[in-house]
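Here it is, the structure, as C-alpha cells.
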Amino acid sequence: MSEESDDLTGSPVPRREDEALLTGRATYTDDLVPPDAAHLTFVRSERAHADIESIDTRAAEKLEGVEAVYTWPDLADSSSPCVLPISTGSLDCEPPGHPVLARDRVRYHGQPVAAVVAEDGYRARDGVEAVSVNYDSREVVTDPEAAREEGAPTLFESAPDNVAATTEQGDLSKAEAAIEDADRVVSIDLENNRLISSAIEPRAAVAEYDAAADRLTVTMTSQSPHGHRGKLASTLGLPESAIRVIAPRVGGGFGHKGHHHPGEAMAAWAARDIERSVRWTATRSANYLEGAHARDHRTTAHLGVDADGTFRGLAVETTANVGGYGLGGGASMPGWYGGLLSSQYAIPAIGCRTRAVFTNTAPLHSYRGAGRPEAIYVTERIVDVAARELGIDRAELRRRNQISPDEFPYETAVGASYDSGDYEPALEKVLEAIGYDERTEDGTVESVESDDPDDGRLRGVGIACFTESTGGGFESGVVRVHPDGGVTVAAGTHSHGQGHETTYAQLVADELGVPMEAIDVREGDSDAIPKGTGTFGSRSTITGGSAVVESAREVREKAREIAAHRLEAAVEDVALEEGEFRVAGAPDRAISFEEVAGAAYGRGLSEDLEPGLEATTFYEPDGTAYAFGTHAALVAVDPATGDIEIERYVAVDDCGEQVNPTIVEGQVHGGVAQGIGQAMYEEAVYDDEGRLLSDSMAEYPVPRAEQLPDIETETTVTPSPRNPLGVKGIGEAGTIAAPPTIVGAVADALDVAHVDMPLTAERVREVLEE
Amino acid sequence: MYPPEFDYYRPGDVSEAIDLLSGGGRVLSGGQSLLTELKARQTDPGRLIDVGRLESLSGIDAGSEGVRIGATTTYAECVDSAGVREAIPVFAAAAEHVGDPQVRNRGTVGGNLAQADPEGDLPPAALAADATVHVAGPDGERTIPADDLFEGENRTALESEELVTELVLPAHDAGGYARRIHPASGYAMVSAAVVFDVESEAVAGARVAAGGAVERPIRLAGVEKTIEGTPVADLAGNGFPTEIGNALDRAGDEVDDELPYGDRHASASHRRELLPAYVERAIENAIDGTGSAEGGESR
Ligand SMILES: Cc1cc2nc3c(=O)[nH]c(=O)nc-3n(C[C@H](O)[C@H](O)[C@H](O)COP(=O)(O)OP(=O)(O)OC[C@H]3O[C@@H](n4cnc5c(N)ncnc54)[C@H](O)[C@@H]3O)c2cc1C
C-alpha cells in the first residue's frame, strides 16, 4: 500500500451506501412484489420430537384465496430431492439432511411441517391455522450432555448416542502429559451460551419462475449468492445454470443468511409448481424458531502452568450442541473450533476433543465468529483463573506467554499457522488507555481509576487477548472499464453492513487513478458476477478486495499499453499520474484515462491488443491471515441490584492495513455490541418439553443502544504477508473479544474465578449471596 | 404477522361506542398491546371498536386540585404536559419510561390501565397517585378508585362493555418513580411509585405502590406507615433513618400475600429481593424532584 497521503485507500472515506440505507430508499427482498406474487407461510411443529401420524389439509385447501397446501408427500412426488444438503465428510454418522417439510417425524419445535401458498399473507396465515396435524410424541432431549447419556432418546439411527462426530485437534495425550509435568494444574468448567442471530431483517425470498425459459430467479437475503445457488440447485435437483440468485440490500447476516434453510427452498419449489411468483418472509418468531442458533458449548479445560507463569499445556473437552438436523456444515463446525485455542500464547502442547451432539433443538451453525469466540473464551477465561491461582497479575501472565514478533510465521500446537503478529504493543496500549496499574509485588493485583469509586459498587477490570483466523477460500473480482471511462467493479462477496461499495471503490480508484464517483460496485447477482464465495468469516477485504485490486492492476497494465501505442511511446516510458497516462520526460504528451477507455473499444488499438478493457481475477490468499487485539473493560457492579455497568470499554485491534479506518471502527463497534449481548443478556432457552421460550425479541434480549457503553477504539498495524493488500479481517473481532473481557471484569468485581454467561442481575446476586 | 379478520368500527361519540361494545368485540385505543396480540393471533375478537380518535376522550385538564387526563391521551402528551409534571410528577415519570418513542406516541393512558400488565408502568403510578378512573357503560357512568381497579394479571374491575373515559388524579407535593428495565421486553421488571404531601416539612399522606414483582400493583402499607410523618430532611440525606431502612427491607414481605410475578429472565424471588432498592430510589426521586430513575442498564 502506498504511503502517499492523497490515496483514498487508508483514509476514512464516508460510506457511500449509507444515504440510501438511512433514508429508506434501499430495496430489500420483501420490498419486491411481482404482479403475480403469491404468499408462502409454514405450519410449524408445535412439538420438539414426535412422529407425524397425519396431516389434514382439506379445510385449508377449501379456504378462499388459498392456492396450494403442501406436505412432504407432495415434495416426494416431485423430481426434486427437497432435502437441504448436509456435509457428512467429517461426521461419524450419515444423518439425512434437513427435509424442506417434515417427512414423518419432527425433531425440533418450529420445524416446518406443511406449507401454505395463498393470495396474500392474511389468507396464507388463515390457511396455516386451518391445517391440523396429529402427532405422536417422543421423549425430548435438548441438553447435549443429557443427549449422550444411556437411555436418552435417539434422533437418528446412524448416531445411536446422538453424537454426530467426535473430533480431536492438536494432541490431547501430549497436552495431558505436559500438564502433568507442570508445577500446577488450573481447571475450569464453562458454558458458552446458546445464541440466535438477530439481524434486523429476517430471512426472506421471492422466487420467480420463467416457465418458457425454465429458469428460476430467487431474490433472497443472502450473504453468498453463488453459495445459495449451489444449495438451491442441490435441493431442487436443477443445474446451477437454471437458477439465478439475487441478493439485493440485505439487513445484516451474521452467518444465518449464509446457511440454507427451508424457506427459500420451499418458495423456489412452489414457484415452479404453480408457475407463479412466490414470496416468503420469515416473521421474527419463525426466524428464531428455525435458527440457525449458535454456540451452545459445554467445556472443561485444564491448563498446565509453571510457578513462573509459563504455560506448558492446554487440554480441552467440549460437548457442542448441533441441534435437530445437520444444516450444511453445521454439525461439522464444532470439530474445528479448537483451532484458535492457542490465542496469543506460545503453548507447547494443546489438545481438544469435541463431541458434536444432536438434540431436539433448532439446528446450530455459524454466527459472527463461528467457533473463534468459543475457543478464545476458553483460553482467556482459564488464563484469568491461572493468574488468580498463581497470584500473578493477569496482564503480566499474558505478557510472559505471548508469542514474540520474531517467531512468525508461528505454528501453534493446535495446527494454526499464524502469519504475523506483534501482540505486546496492543496489550500495552489497552492497559495504558484504561489506566491499568500493576503492583504485583505487594500482592495487589491491579487498580483502575473510575469515575466515582466510593459509590458502594464493586469495581472490576477485564482483559482479553485474542487472535482471529480470517479470509479463507477464493473470491472473484471483476474490473470493467466502459468506453466513457466509467468503471464497474464486481465481486462474489456480498455487503450487508460491511461497506464494500466504499472500500472496493477506494481500492480500485487508487489503482486506476480515477475518482471514486466513476466507480460502481456490484455484488449479489449470480448471473452477472463470476462464481464467488460470499461474505462471512471476515474474508471479504482479504479475498474480494485482493481480487478486485488484481483485476484493476491488469486493467491498468492494458490501459498503459493502449496509451503507449496512442502516444507512440514505449510502454516502460508511460506512467499513470493524476488520471492521465504521461510519457516520462515529456509532460505535454499525455492521454486521459477516459480517452484510453474509448480507444480500447474503438479504432486505433495496436494489432497485438484485443479490444476491451476489463479483467476477471479468481483470487485465493496464500494462507489465513490472523488478526488480533486486546480489549479491556472496567465494570461497576451494584450489590443491591446485581446491575452491571460497563464504565469503560477499550478495544485495541490489529487487522493489518486498513482500507477504511471508519469502517474498521464500525465493525469493532458492532462486534463488541454483539459480544456484550452474549456476555450480559442473550440466551436461547428451551423448556423441558423442548419448546423455544426465546421466540421473540420481547423474550430474547438483544442489547439496546442505551445498554451499551461508549466503545473506545484504537488500532495497531501489523500487515499480513499473505495477501497483496497486507490486510486482515476485522468483522468478528468484537464478538470474540467482548465475552471474555466482560466476564473477566465481572468475575474480578465479584472476586470469583468464573461466572457463566449471560451475566444476568439474578446470576450476579446469586454469586454475591454465596 | 397477519391478524385474523375483524370488523372495524369508529364510533363518533362515547354512547355510540358503548352501543357498539354491547354487540361484542374489543376497544381499540393506541393499539400498542391489542395489535400485537392480534398479529400473533392470540386473540380473535371479530370486532374492533376504535376509540382512539374520539376527541372527547383525549386531553389534559390541569386544575388546582388535580388533573383530569382523557383515556386516549398518549404517554407523550402526559410527559410533555407541564401540568402533569408539576401536579402529579409520579405519573409523568412513569409515562416517560414506557417503551420507546413510537410506543409513547401511540399508547394511551386508558389502554395502559385497562391492559393491567403486571409489568406496566402506569398501574403502580396510578395507584400511588390515588387516581380515580371514570368509566362509561350500558348502565351509565361510574367511578373506580385505583385501589379497586387492579384485580390480577391483565384483569381489572372493568366490565367488557365498559369504556374508560378519563382519569382524575389529585395533585401532590412530591412524587417519585423508579423502575428496573426488563432485560428483554423493556417493560418494568420491578417498579415503585411514591407519592406524598409535605406538611410542616414532614411526609404526609404517603402512598407507596409496587409493580412488576406481583401480578397486580399493590400498595406497600408498611413502607407508607413508616415514612408517614418523617421529616423530609431525614429522607434527603445520605442513607435513611434505621426504621425506614428496616421497613424498606421488609418491602418484599409485603408482597407475599399477593401472587408473586416472575419469569425466566428474573424470577419472582429475585424481583422481590430487588424491590427495596427501587422503593428507596423512588423515595429519593420524590425528594430530589427528578421524579424518576431507571436501573438495569449501563448508564
Ligand atoms: C414495543 C413495546 C414496548 C412497550 N413497553 C411498555 C412499557 O415499558 N411499559 C408499559 O407500561 N407498557 C409498555 N407497552 C405497552 C403499551 O404501553 C400499550 O400502549 C398499553 O399496554 C396499552 O395501551 P393502548 O392505548 O396501546 O391500548 P390498546 O392496545 O389499544 O388496548 C389494550 C387493551 O385495553 C383495552 N382498552 C383500551 N382502551 C380502553 C378504554 N378506554 N376502555 C376500556 N378498555 C380499553 C383494549 O380493549 C385492550 O384490551 C409496550 C408496547 C410495545 C409495543
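The values are calculated or read from the model by the stated rules, or taken from the named source; none is laboratory data. Because the structure is predicted, anything quoted here is derived from the model rather than measured. Neighbour counts are summed over all protein chains in view; Cβ atoms, including those assigned to glycine, are modelled from backbone coordinates with ideal geometry.
Restricting attention to the stretch A:500-532, and to residues there that are without any contact (Cβ under 8 Å) to a residue 40 or more places away in the chain, of a type in the set (D, E, K, R) and assigned to a strand (DSSP E or B), which single residue is surrounded by the fewest Cβ atoms within 10 Å (Cβ to Cβ)?
A:D520
Answer yes or no: is there a residue in the stretch A:138-145 that is away from every other protein chain (no Cβ under 14 Å), more than 30 Å from A:A59 (Cβ to Cβ), among the hydrophobic types (A, V, I, L, M, F, W, C) and not in a strand (DSSP E or B).
Within the stretch A:138-145, one or more residues are away from every other protein chain (no Cβ under 14 Å), more than 30 Å from A:A59 (Cβ to Cβ), among the hydrophobic types (A, V, I, L, M, F, W, C) and not in a strand (DSSP E or B).
Is it the case that the stretch A:357-366 has a residue that's among the aromatic types (F, W, Y) and part of a loop (DSSP other than H, G, I, E, B)? Lay out the reasoning, then the answer.
Step one: of the stretch A:357-366, the residues among the aromatic types (F, W, Y) are A:358.
Still in the running and part of a loop (DSSP other than H, G, I, E, B): none.
So far as the stretch A:357-366 goes, no, none of its residues is among the aromatic types (F, W, Y) and part of a loop (DSSP other than H, G, I, E, B).
Yes or no: A:D161 under 31 Å from the mean Cα position of the chain (by Cα), under 30 Å from A:A349 (Cβ atoms) and in a strand (DSSP E or B)?
So A:D161 fails the test.
Among the residues of the stretch B:214-223, is there at least one that is within 12 Å of the ligand (Cβ to nearest atom) and in a strand (DSSP E or B)?
Of the stretch B:214-223, the ones within 12 Å of the ligand (Cβ to nearest atom) are B:217.
Filter once more, so that each one left must be in a strand (DSSP E or B): none.
Within the stretch B:214-223, not a single residue is within 12 Å of the ligand (Cβ to nearest atom) and in a strand (DSSP E or B).
Please specify each residue of the stretch B:224-247 satisfying the condition of being assigned to a loop (DSSP other than H, G, I, E, B) and farther than 24 Å from B:A188 by Cβ. Steps first, answer last, please.
Filtering the stretch B:224-247 for residues assigned to a loop (DSSP other than H, G, I, E, B) gives B:228-230, B:237-241.
Residues satisfying the conditions are B:E228, B:G229, B:T230, B:G237, B:N238, B:G239, B:P241.
Name the residue that is nearest to the ligand (Cβ to nearest atom), counting only residues in the stretch B:1-34 that are over 15 Å from B:L54 (Cβ atoms) and hydroxyl-bearing (S, T, Y).
Among those residues, the one meeting the criterion is B:S33.
Could you please tell me which pairs satisfy a Cβ distance under 7 Å, a separation of 6+ or placement on different chains, a first residue in the stretch A:369-394 that is on the phi > 0 side of the Ramachandran plot, and a second residue that is assigned to a loop (DSSP other than H, G, I, E, B)?
Cβ pairs passing all conditions: A:G369/A:E732; A:A370/A:G255; A:A370/A:G537; A:G391/A:G443.
Here is a list: A:P144, A:P112. Which entry is closer than 30 Å to A:R353 by Cβ and touching a residue at least 12 places away in the same chain (Cβ under 8 Å)?
On the way: A:P112 fails: closer than 30 Å to A:R353 by Cβ.
Among A:P144, A:P112, only A:P144 is closer than 30 Å to A:R353 by Cβ and touching a residue at least 12 places away in the same chain (Cβ under 8 Å).
Something else about it: Residues of the stretch B:144-161 being within 13 Å of the ligand (Cβ to nearest atom) and more than 14 Å from B:E215 (Cα to Cα), which ones?
B:I144, B:A157, B:L158, B:E159, B:S160, B:E161
Scan the stretch A:234-253 for residues that are under 24 Å from A:P202 (Cβ atoms) and out of contact with any Ser or Thr (no Cβ under 9 Å at 6 or more places or on another chain) and report the count.
Summing the residues that are under 24 Å from A:P202 (Cβ atoms) and out of contact with any Ser or Thr (no Cβ under 9 Å at 6 or more places or on another chain) in the stretch A:234-253 gives 1.
Is it true that A:T319 is assigned by TED's automatic domain parsing to the domain that holds A:D748, assigned to a strand (DSSP E or B) and among the hydroxyl-bearing types (S, T, Y)?
yes
Filter the stretch A:85-116 down to residues that are more than 14 Å from chain B (Cβ to nearest Cβ), touching a helix residue (DSSP H, G or I) at 6+ places or on another chain (Cβ under 6 Å) and not in a loop (DSSP other than H, G, I, E, B), then give me how many there are.
Residues that pass the stated criteria total 2.
Given the structure, is A:R279 in contact with a strand residue (DSSP E or B) (Cβ under 8 Å, 6 or more places away or on another chain), at positive phi and assigned to a strand (DSSP E or B)?
Considered against the rule, which asks whether it is in contact with a strand residue (DSSP E or B) (Cβ under 8 Å, 6 or more places away or on another chain), at positive phi and assigned to a strand (DSSP E or B), A:R279 comes out as no.
Out of the stretch A:690-722, which residues are farther than 30 Å from A:I434 by Cβ, within 14 Å of chain B (Cβ to nearest Cβ) and part of a loop (DSSP other than H, G, I, E, B)?
Correct list: A:R691, A:L693, A:S694, A:D695, A:S696, A:M697, A:A698, A:E699, A:Y700.
Another question, then. Tally the residues that are in a helix (DSSP H, G or I) and within 8 Å of chain A (Cβ to nearest Cβ), restricting the search to the stretch B:260-275.
Qualifying residue count for the region: 3.
Which pairs have Cβ atoms under 8 Å, sit 6 or more apart or on different chains, and link a residue in the stretch B:101-118 that is within 14 Å of another protein chain (Cβ to nearest Cβ) to one that is near the ligand (Cβ under 8 Å from one of its atoms) and aromatic (F, W, Y)?
Hits for this filter: B:V103/B:Y75; B:D117/B:Y187.
On to the next question. Could you list all residues from the stretch B:153-170 that are surrounded by 14 or more Cβ atoms within 10 Å (Cβ to Cβ) and either modelled with pLDDT under 95 or part of a strand (DSSP E or B) (or both)?
B:T156, B:E161, B:L163, B:V164, B:T165, B:E166, B:L167, B:V168, B:L169, B:P170
Can you tell me how many residues in the stretch A:641-682 are within 14 Å of another protein chain (Cβ to nearest Cβ) and either hydroxyl-bearing (S, T, Y) or on the phi > 0 side of the Ramachandran plot (or both)?
Number of matching residues: 4.
Then there is this: Can we say B:G252 is buried (at least 18 other Cβ atoms within 10 Å of the Cβ), within 14 Å of chain A (Cβ to nearest Cβ) and modelled with pLDDT of 95 or more?
Spelling it out, it is not the case that B:G252 is buried (at least 18 other Cβ atoms within 10 Å of the Cβ), within 14 Å of chain A (Cβ to nearest Cβ) and modelled with pLDDT of 95 or more.
Tell me, which strands (runs of 3 or more DSSP E) wholly within the stretch B:52-143 include 2 or more residues that are surrounded by fewer than 23 Cβ atoms within 10 Å (Cβ to Cβ) and either in the same structural domain as B:D263 (by TED's automatic domain parsing) or within 12 Å of the ligand (Cβ to nearest atom) (or both)?
B:132-137
Further question on the same structure: Looking only at the stretch A:758-770, how many residues end up being under 25 Å from A:D653 (Cα atoms) and either away from every other protein chain (no Cβ under 13 Å) or acidic (D, E) (or both)?
0
Tell me which residues, restricted to the stretch B:30-47, are assigned to a helix (DSSP H, G or I) and at the interface with chain A (Cβ under 10 Å from one of its Cβ atoms). Show your work before the answer.
Kept after step one, since they are assigned to a helix (DSSP H, G or I), are these residues of the stretch B:30-47: B:34-39.
Selection gives B:T36, B:K39.
The conditions are (1) within 21 Å of the chain's Cα centre (by Cα); (2) in the same structural domain as A:E396 (by TED's automatic domain parsing); (3) more than 25 Å from A:A147 (Cα to Cα); (4) not acidic (D, E), and A:Q344 fails exactly one of them. Which is it?
(1)
Mind listing whichever residues of the stretch B:4-25 are within 15 Å of B:P45 (Cα to Cα), surrounded by 19 or more Cβ atoms within 10 Å (Cβ to Cβ) and of a type outside the set (G, A, S)?
If the condition is that a residue be within 15 Å of B:P45 (Cα to Cα), surrounded by 19 or more Cβ atoms within 10 Å (Cβ to Cβ) and of a type outside the set (G, A, S), then B:L20, B:L21 are the ones that fit.
Please specify each residue of the stretch A:628-665 satisfying the condition of being closer than 29 Å to B:A277 by Cβ and outside any strand (DSSP E or B).
A:D638, A:P639, A:A640, A:T641, A:G642, A:D643
Taking A:V128 and the conditions (1) within 14 Å of chain B (Cβ to nearest Cβ); (2) not in a helix (DSSP H, G or I), which numbered condition does it fall short on, given that it satisfies the others?
(2)
Consider A:A205 carefully, then state whether it is more than 18 Å from A:H496 (Cα to Cα) and in the same structural domain as A:G97 (by TED's automatic domain parsing).
no
Would you check if A:L725 is at pLDDT 95 or above and away from chain B (no Cβ under 14 Å)? Break it down into steps so the answer makes sense when it comes.
On the way: at pLDDT 95 or above: yes; away from chain B (no Cβ under 14 Å): yes.
Yes: the conditions hold for A:L725.
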